[in-house]
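The values are calculated or read from the model by the stated rules, or taken from the named source; none is laboratory data. Computed from a prediction, not measured in an experiment: that's the story for all the values here. Reconstructed Cβ throughout: ideal geometry from the backbone, glycine too, with neighbour counts over all protein chains shown. Side chains are part of the model used for accessible areas, which takes the heavy atoms of the whole protein and leaves out ligands, DNA and RNA. Shrake-Rupley method; radii C 1.70, N 1.55, O 1.52, S 1.80 Å.
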Amino acid sequence: AKDFDDALSIEQISEDEWEIGIHIADVSHYVKEGTVLNDEAYQRATSVYLVDRVVPMLPEKLSNKVCSLRPHEEKLCFSSVFKMNRKAEILEEWFGRTVIYSDHRFTYEDAQDVIEKKQGKFVDEILLMDQLAKKMRSKRIKEGAITFDRVEVKFRLDQANNPNGVYFKKAKDANKLIEEFMLLANRQVASFIGKKMDGTPSKKPFVYRVHDVPDPDKIGDFSRFVKQFGHQMIMKTTKDIANSINRVLADVSGKREENIVELLAIRTMSKAKYTTENIGHYGLGFHYYTHFTSPIRRWPDVMVHRLLQHYIDGGKIKNKEAIEAQCKHSSEMEKLSTDAERSSIKYMQVKYLVGKEGHEYNALVSGVTEFGMFVELEDSLCEGLVSIRDIKDDHYVLNKESYSLIGRKTGNKFQLGDPLRVRVRNVDLVKKQLDFELV
């Protein structure tokens, strides 16, 4: 990353007590309401990460320099500080504005190295935080969180930004360590504002990141699909569903259908969004959740910082409609940004296969329709279509129940997750389309 939103600090207080600080760049100190900077950041509402460039929410002077928590420089932050014990239980919490001086910047790879080799800079601190993170993660999963470990497709680009290689990124312990502490800060900030001392919801309007329970029909379809691979879903309660999805994801890990099952599970989920109406976050298993940890690249986090400070200062209740309007705009811009990022990946995948017509690849069936089947190449996750009219040995019809195409005469079957050998038939960069044929 070029912009560093977050930093962690740790200090031992007693035999079984540590002070853990989650320090987030204080963007709202620099971006003032009523300024052009404020209005432009709000309009964008998010940074967009395309394969070959970033379209930032804030000017680079702020995002990469002034606000970025670079090592060995004093920086303004908004911090969540927790006193925790060895069981990762919170004993005390504090929220407020701070000045930090970062001792060291790790890449995920550096930190992962320390975790695996158990040696290196700040080894004791990193190993302790890794243990705490693992405890928080297992507690979350017990309480109904769903854990997706999707593989990310990344491209190696040449000087002209053309893709000349593909590699995959999977979250390791170092990524999960940071994730758990960010989730902790987000959850505690939302609880701090969202509920009163007696545990009942407060009346203060706030920005929540919510995630509804999945649609029963979609869960039913998913259950029928995974049954074909021998996986059973229990669907009595929402918690049963979460536990079942986790079990299925663990079972398919490392198997050829892993990617397809994960993708379908994600499609089964509702979409997360920003709103003032808190219904909790089903996917994370949290009653209260917000976004506090990435104000350099997300507008809702800037809103959260402002509201948090306002309520800490004992400010009056804010206008709920005005906050809701900003939440709605942020959710819409997030969707546009996600679509653009997906489009960018798709474009690069097609570009990667330009000039490779006639080449053969191993693939999996990733989707079936009346007009053919979509296949995903194993080595690059590039997806394209095998048209039904190009499958010459029979007349194939779609069976929606079993997610398959079945030959009328032969009974041959192409099913979601099936391995195939395909040849690149046509590459259309303008339409971002790939056509394959069966080998």
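Structure values in brief
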read-out: Computed helical MRE - 222 nm, the chain, DSSP H runs ≥ 4 contributing -39500 (n - 2.57), nearest 500; value: -11000 deg cm²/dmol
read-out: Shape category assigned to the chain from the gyration tensor of Cα positions, a/c cut at 1.5; value: prolate
read-out: Candidates ILE345, ILE406, ILE100, ranked by Gaussian network fluctuation over the chain, Cα under 10 Å, top entry; value: ILE406
read-out: Accessible area (Å², per residue) of region 356-439, counting only protein heavy atoms and a probe of 1.4 Å; value: 52
read-out: Accessible area per residue in Å² at 1.4 Å probe, computed on region 246-301; value: 38
read-out: Additional length obtainable on full extension of the chain from ASP173 to THR107, 0.36 nm per residue less Cα span; value: 22.5 nm
read-out: Within a Gaussian network of the chain (alpha carbon springs, distance under 10 Å), most fluctuating of GLY96, GLY144, GLY120; value: GLY120
read-out: Shape call, region 148-251: gyration tensor on alpha carbons, a/c limit 1.5; value: oblate
read-out: Count of Lys pairs (Cα-Cα under 29 Å; at least 8 positions apart or interchain) in region 353-439; value: 14
read-out: Among PHE222, PHE82, PHE122: highest mean-square fluctuation, GNM of the chain, C-alpha pairs under 10 Å; value: PHE122
read-out: On Cα atoms only, tilt of 238-252 relative to the major axis of the chain in degrees; value: 60
read-out: Within the accessible area of the chain (1.4 Å probe), percent carbon and sulfur; value: 50
read-out: Hits among lysines - C-alpha to C-alpha of LYS236 under 24 Å, sequence gap 8 or more where chains match; value: LYS139, LYS142, LYS218, LYS227, LYS271
read-out: ARG425 paired with LYS227, simple spin-label distance in nm, labels 7 Å along Cα-to-beta-carbon; value: 3.4
read-out: Long-range lysine pairs (8 or more apart or interchain), region 1-123, Cα under 18 Å; value: 8
read-out: Accessible area per residue, Å², region 1-62 with all protein chains present, probe 1.4 Å; value: 55
read-out: Cα shape, region 28-185, gyration tensor, a/c 1.5 rule; value: oblate
read-out: TYR347 versus VAL123: modelled label distance in nm, points set 7 Å from Cα along the beta carbon direction; value: 4.6
read-out: Length added when fully stretched, THR147-GLU357, from 0.36 nm per residue minus Cα-Cα; value: 71.8 nm
read-out: Extension gain from SER138 to ILE317, taking 0.36 nm per residue of separation minus the Cα-Cα distance; value: 60.8 nm
read-out: Cross-link reach list, lysines versus LYS169, counting only Cα pairs under 16 Å and skipping chain neighbours closer than eight places; value: LYS154
